[in-house]
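Only the coordinates and a few stated rules stand behind these numbers; no lab work does. This is a predicted model, so every value here is computed, not measured. Note that each Cβ is placed from the backbone with ideal geometry, even for glycine, and that neighbours are counted across all protein chains shown.
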Amino acid sequence: MNDNRDNDDDNDDDFPPTAVTLSANQITSFSGQLNGIIFAGGDSDTSAWFEWGTSAGLVRTTRQVNLGSSSSTNHSEIISGLSPGVRYYFRAV
């Protein structure tokens, strides 16, 4: 017999935190705002940051921010010290 009742100990509704990278804005010759949405996934200690750089290696990071357990949170950071005419890459983490 199959018991289809919900089990409170079953965490099938939880999923790992997920970061979605959005477009950058407020771009100037020397700075820009990086944007993303973070889905906590039931994790009460969700942190987020951005990795960025001039190549796909993304060797720089922004500060890590604790976002708590909100189901989804917009996350933005302004980076500065950029060089005019250089292409930059980034991703939300």
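Report the residue count in the range 62-86 for those that are of a type in the set (Gly, Ala, Ser) and not in a loop (DSSP other than H, G, I, E, B). Full working, then the answer.
Initially, the range 62-86 is screened for residues of a type in the set (Gly, Ala, Ser), giving 68-72, 76, 80-81, 83, 85.
Now drop any that are not not in a loop (DSSP other than H, G, I, E, B), which leaves 68, 72, 76, 80.
Number satisfying all stated conditions: 4.
Across the range 44-70, the number of residues qualifying as buried (at least 17 other Cβ atoms within 10 Å of the Cβ), among the hydroxyl-bearing types (Ser, Thr, Tyr) and over 19 Å from Ala24 (Cβ atoms) comes to 1. Where strands (runs of 3 or more DSSP E) fall wholly inside the range 14-61, the ranges with 3 or more residues that are in contact (Cβ under 8 Å) with a residue 12 or more places away in the chain, within 16 Å of Thr73 (Cα to Cα) and not aliphatic (A, V, I, L, M) are 18-25, 31-39.
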